[in-house]
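J.: Quick one: structure below, then a few questions.
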Amino acid sequence: MAQPPDISDTFVKEVDENLRRDRIRDFFRENGGWIAAGVALFLVISGGIIWYQQHREQRAEGQVEQLAQIYKNIGAGNTSRLSQQLDDLSQSGSKAVRASALFTRAAFALQQNDQKLAIASYKAVRDDSSLPDSYRNAALVRETALEFDQLQPQQVIAQLEPLAKPGNPWFGSAGEMTALALIKQGKTREAGQLFATLAKDRDVPDGIRNRSIQISGSLGADASAALGPQAQ
């Protein structure tokens, strides 16, 4: 009686490898076009992203140079094309360039006694959620200062509430305007307490602290003793 052939492990492995190669070959025969197209698309997209990033960086560098030239022109009194240049840069894709252009436009508008344009420029920064808080908070404080006399006291208080707290970098300016708005509301006790807090805060600019000492005293919340001999 014939014996079955001895099928070794080596033979089994060779068959398995041949079968695997055949399957891979068939897969690429059937889907080679799609795979090639996918690879090509990936390369195109990757190349496009790299080009776009480099283009943005180069454009931002050029815009920074434009800003530097604008500042030189301002110093030299050459402002004939300033408004148009700043308007163009205020649309920049670079956050720093866009914010700097808007702040410069506001400052130049104030030099030209155009308070409406200055307020609009600060508002554009404040409302731009893509900008860092440092830019937006600075714009909010400056916009509120310009509009202070036209705003209702409660509007001032509400706008500045996040900034009018000890420890905030803008506590000095925001706190002082908030305290003045409280006085307008007839809340002299609360205003005096806030002025006293401002007077005691070593991080608040000296000008605001000195005014706060005087005003808090007039409101019955004297803070001069808390400042030591320097404030006497």
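J.: May I ask you to list the residues in segment 60-96 that are buried (at least 16 other Cβ atoms within 10 Å of the Cβ) and either among the basic types (Lys, Arg) or not in a helix (DSSP H, G or I) (or both)?
T.: Result: Ser90, Ser92, Ser94.
J.: If I filter segment 61-87 down to residues being free of Cβ contacts under 8 Å to residues at least 12 places away in the same chain and more than 19 Å from Leu110 (Cα to Cα), which single residue comes out as nearest to the chain's Cα centre (by Cα)?
T.: Checking each candidate, the answer is Glu61.
J.: Given the conditions (1) at pLDDT 90 or above; (2) surrounded by 16 or more Cβ atoms within 10 Å (Cβ to Cβ), report the number of the one that Gln155 does not fulfil.
T.: Of (1) at pLDDT 90 or above; (2) surrounded by 16 or more Cβ atoms within 10 Å (Cβ to Cβ), only one is false for Gln155: (2).
J.: How many of the residues in segment 144-166 are without any contact (Cβ under 8 Å) to a residue 12 or more places away in the chain, under 22 Å from Ala221 (Cα atoms) and of a type outside the set (Lys, Arg)?
T.: Within segment 144-166, residues that are without any contact (Cβ under 8 Å) to a residue 12 or more places away in the chain, under 22 Å from Ala221 (Cα atoms) and of a type outside the set (Lys, Arg) number 0.
J.: In this structure, is Thr178 under 15 Å from Lys123 (Cα atoms) and either at pLDDT 95 or above or in contact with a Cys (Cβ under 9 Å, 6 or more places away or on another chain) (or both)? Lay out the reasoning, then the answer.
T.: Numbers: under 15 Å from Lys123 (Cα atoms): no; either at pLDDT 95 or above or in contact with a Cys (Cβ under 9 Å, 6 or more places away or on another chain) (or both): yes.
When the stated conditions are applied, Thr178 does not pass them.
J.: For segment 132-201, which helices (runs of 4 or more DSSP H) that fit wholly inside it have 3 or more residues that are within 27 Å of Leu102 (Cα to Cα) and out of contact with any strand residue (DSSP E or B) (no Cβ under 6 Å at 6 or more places or on another chain)?
T.: In segment 132-201, 133-147, 153-160, 171-184 are the helices (runs of 4 or more DSSP H) which contain 3 or more residues that are within 27 Å of Leu102 (Cα to Cα) and out of contact with any strand residue (DSSP E or B) (no Cβ under 6 Å at 6 or more places or on another chain).
The values are calculated or read from the model by the stated rules, or taken from the named source; none is laboratory data. All values reported here derive from a predicted model rather than from experimental measurement. Positions of Cβ are generated from backbone atoms using ideal geometry, with glycine treated the same way; all protein chains shown enter the neighbour counts.
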